[in-house]
Amino acid sequence: MAKKDQTILVVDDEETFRYMLSTLISGAGYTVETASDGIAAINAIQTNLYDVVLCDVRMPKVDGIEVLKFIKTNYPRTEVVMLTGTADVRIAVECMKTGAYDHILKPTTSDDLLTTIERALEHQQLIRNNAVMKTELERLQGNGDIIGESTALRRVLDVAAKVAPTESTVLIQGPSGTGKELIANYIYQRSERYGLPFVTVNCASIPDTLIEAELFGYEKGAFTDAQKMKPGIVEIADKGTLFLDEIGDISPIVQPKILRFIQSGEFRRVGGNQILKADCRILSATNKNLKEEVKEGRFREDLLYRLNVITIELPSLQQRRDDIPLLVNSFLTTRMKTRVPKSISDKAIEVLLSYDWPGNIRELENVIERAAILCQNNIIEPRDLSLPNSPMTLPSTNGRDSKVGTTIPLKEIERMHIEAVLQSLRGNKTETAKILGISLKTLYTKIQQYQLRWN
Ligand SMILES: Nc1ncnc2c1ncn2[C@@H]1O[C@H](COP(=O)(O)OP(=O)(O)OP(=O)(O)O)[C@@H](O)[C@H]1O
Ligand SMILES: [Mg+2]
């Protein structure tokens with residue numbers, strides 16, 4: 001991150017010292033602001049998110065330790081470096097206990113000071129990186145590459161690559177399972193903000209009553225359960241990218257607040273009076289037609305216009321059938337967790353090409369995953385593809401006894417199916433439950449009930 005994007009607050013009641021520090025720090029390229037006492041510092045901290053605060057310990061009215069406490073309870077991600085006039089061990093210990101990153105004895109050499117600031121910034125980055133690490137890992141494991149060579153997909157990738165390095169707000173629209181989240185990642189990875197936080201909020205999965213508190217945080221005491229201040233997701237995503245997934249499902253109550261945040265970067269924590277600022281690039285996605293939602297009065301028109309500065313429409317799988325063989329191949333070679341490599345017959349590909357894929361790529365992926373487990377001789381045949389409008393086929397059936405599917409009781413089909421999946425995954429129950437779409441608890445019940453066995 002460029003130094004000028006990192007903001008440092010210098011708090012000291014001695015004017016000459018304040019001036020000296022701020023000249024030194026701005027000379028090194030950082031953005032600097034100053035406060036002449038504890039009260040001014042607390043006011044400044046509430047209106048701006050600082051990366052590092054340099055704070056004198058001894059000040060009249062509100063002293064440095066109090067400022068430090070205030071920062072650490074309300075803005076834990078801001079690093080604080082305390083400046084002490086005397087080499088008093090007790091003060092040093094108190095500073096560190098209260099959560100200061102470091103303390104420096106005054107007067108200080110410029111080298112000392114700048115090195116400490118640099119380290120504090122590195123420390124902050126590390127903590128941030130940890131916060132985004134989990135989602136980052138999930139992202140890298142699961143998908144990564146966007147597969148497909150159809151014109152429809154190429155057009156999408158073209159626009160995405162062009163808009164990625166800009167600061168533009170992007171709305172990604174398309175039916176379920178078409179890769180909207182994948183495209184959001186694609187844009188992030190090619191953006192100037194790559195490496196800075198990428199935070200996803202699934203607006204559909206957070207209840208209406210909680211979404212505002214999640215996005216913008218809350219102050220202690222804002223509601224019954226709010227025993228501690230909690231920073232908002234926008235603060236965590238500060239300087240990075242905020243991905244509002246399923247934005248079409250966002251509550252009308254929160255819509256004006258998101259609008260304001262997009263327009264000005266300003267927000268207020270729930271239960272708080274101070275206006276705070278954060279700088280996030282906004283990407284959003286939905287499978288709803290937002291113009292329709294506007295007409296129906298469920299979505300604010302002004303918000304739609306802010307979100308869709310650039311709109312990317314993802315094609316359905318039906319509109320990019322040519323990509324089916326490539327996708328299948330990639331699922332079989334890179335994503336499957338089966339023991340032996342599996343392949344697919346031309347006949348089976350034909351079946352896939354003639355199906356209409358209402359669940360798009362996600363459905364294709366699931367169908368292939370299941371077929372790879374059920375198939376014999378490691379080759380997927382049409383009978384292994386349980387598509388809704390083709391008759392259900394069983395792991396052990398072959399052409400000769402095709403009527404088997406109609407004469408076996410449903411329970412038996414279930415038993416055989418679960419056993420086949422377990423067998424194929426060498427008894428890995430977590431994976432099996434995932435593939436079967438049931439909970440681990442249900443799987444254990446079934447294993448018990450049917451006395452299932454596998455090698
Ligand atoms: N072009 C592609 N190449 C490879 N895999 C893809 C592609 N598009 C989508 N997928 C895979 O399909 C699945 C669904 O994709 P994703 O979650 O991005 O869809 P979505 O549009 O966000 O769906 P929903 O509307 O249901 O949230 C994921 O496993 C993703 O990796
Ligand atoms: Mg999605």
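Residue check: I324 meets all listed conditions (1) within 16 Å of ligand 2 (Cβ to nearest atom); (2) of a type in the set (A, V, I, L, M, F, W, C); (3) more than 30 Å from L410 (Cβ to Cβ) but one, namely (1). Inside segment 333-382, can you point out the residues that are assigned to a helix (DSSP H, G or I) and open to solvent by 60 Å² or more (accessible area, probe 1.4 Å)? T333, T334, D346, K347, E350, L353, S354, R362, N366, R370, listed by residue number.
What are the residues in segment 11-30 that are open to solvent by less than 50 Å² (accessible area, probe 1.4 Å), outside any loop (DSSP other than H, G, I, E, B) and among the hydroxyl-bearing types (S, T, Y), if any? The answer is S22, and nothing else. Hey, can you tell me all the residues within segment 296-317 that are of a type in the set (D, E) and open to solvent by 70 Å² or more (accessible area, probe 1.4 Å)? Residues satisfying the conditions are E296, E301, E313.
Quick check, is P252 part of a loop (DSSP other than H, G, I, E, B) and either more than 16 Å from ligand 2 (Cβ to nearest atom) or loosely packed, with under 15 Cβ neighbours inside 10 Å (or both)? For P252, the condition - part of a loop (DSSP other than H, G, I, E, B) and either more than 16 Å from ligand 2 (Cβ to nearest atom) or loosely packed, with under 15 Cβ neighbours inside 10 Å (or both) - is met.
Within segment 185-216, track down each residue that is of a type outside the set (A, V, I, L, M, F, W, C) and more than 11 Å from A164 (Cβ to Cβ).
G195, P197, T200, N202, S205, P207, D208, T209, E212, E214
Are any of the residues in segment 346-354 within 16 Å of ligand 1 (Cβ to nearest atom) and modelled with pLDDT of 85 or more? Yes, there is a match, as at least one residue in segment 346-354 is within 16 Å of ligand 1 (Cβ to nearest atom) and modelled with pLDDT of 85 or more.
Of all the residues in segment 149-180, those that are within 16 Å of ligand 2 (Cβ to nearest atom) and out of contact with any helix residue (DSSP H, G or I) (no Cβ under 9 Å at 6 or more places or on another chain) number 1.
Cβ-Cβ distances below 7 Å connect the following pairs, each with a first residue in segment 222-245 that is closer than 23 Å to R190 by Cβ and charged (D, E, K, R), a second residue that is open to solvent by 10 Å² or more (accessible area, probe 1.4 Å) and within 16 Å of ligand 1 (Cβ to nearest atom), and a separation of six or more residues or different chains: D245/E181; D245/T200; D245/N202. F243 meets each of the listed conditions (1) away from ligand 1 (no atom under 14 Å from the Cβ); (2) open to solvent by less than 10 Å² (accessible area, probe 1.4 Å) apart from (1). Filtered by the rule that a residue be at pLDDT 95 or above and within 16 Å of ligand 1 (Cβ to nearest atom), segment 280-289 gives L283, S284, A285, T286. Does segment 107-121 include one or more residues that are within 16 Å of ligand 2 (Cβ to nearest atom) and either loosely packed, with under 14 Cβ neighbours inside 10 Å or modelled with pLDDT of 90 or more (or both)? Checking segment 107-121: not a single residue is within 16 Å of ligand 2 (Cβ to nearest atom) and either loosely packed, with under 14 Cβ neighbours inside 10 Å or modelled with pLDDT of 90 or more (or both). Looking only at residues in segment 255-290 that are over 25 Å from E313 (Cα atoms) and aliphatic (A, V, I, L, M), the one that is most open to solvent (accessible area, probe 1.4 Å) is I275. Among the residues here, I8 qualifies as at pLDDT 90 or above, within 22 Å of Q125 (Cβ to Cβ) and surrounded by 16 or more Cβ atoms within 10 Å (Cβ to Cβ).
A quick yes/no check of all residues on (1) in a helix (DSSP H, G or I); (2) open to solvent by 10 Å² or more (accessible area, probe 1.4 Å); (3) within 16 Å of ligand 1 (Cβ to nearest atom); (4) of a type in the set (F, W, Y):
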site: E167; (1), (2), (3), (4): no, yes, no, no
site: E181; (1), (2), (3), (4): yes, yes, yes, no
site: Y188; (1), (2), (3), (4): yes, no, yes, yes
site: S191; (1), (2), (3), (4): no, yes, no, no
site: A204; (1), (2), (3), (4): no, yes, yes, no
site: I211; (1), (2), (3), (4): yes, no, no, no
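Within segment 194-202, does at least one residue satisfy the condition of being more than 16 Å from ligand 1 (Cβ to nearest atom), in the same structural domain as I233 (by TED's automatic domain parsing) and open to solvent by 40 Å² or more (accessible area, probe 1.4 Å)? Yes, because at least one residue in segment 194-202 is more than 16 Å from ligand 1 (Cβ to nearest atom), in the same structural domain as I233 (by TED's automatic domain parsing) and open to solvent by 40 Å² or more (accessible area, probe 1.4 Å). Look at T432 and say whether it is open to solvent by less than 30 Å² (accessible area, probe 1.4 Å), at pLDDT 80 or above and among the polar types (S, T, N, Q). Here the answer is yes, as T432 does meet what is asked.
The values are calculated or read from the model by the stated rules, or taken from the named source; none is laboratory data. The structure presented is a predicted model; accordingly, all values stated were derived computationally and were not measured. Note that each Cβ is placed from the backbone with ideal geometry, even for glycine, and that neighbours are counted across all protein chains shown. Note: accessible area is taken over every heavy atom of the protein model, side chains too, but ligands, DNA and RNA are not part of it. Shrake-Rupley method; radii C 1.70, N 1.55, O 1.52, S 1.80 Å.
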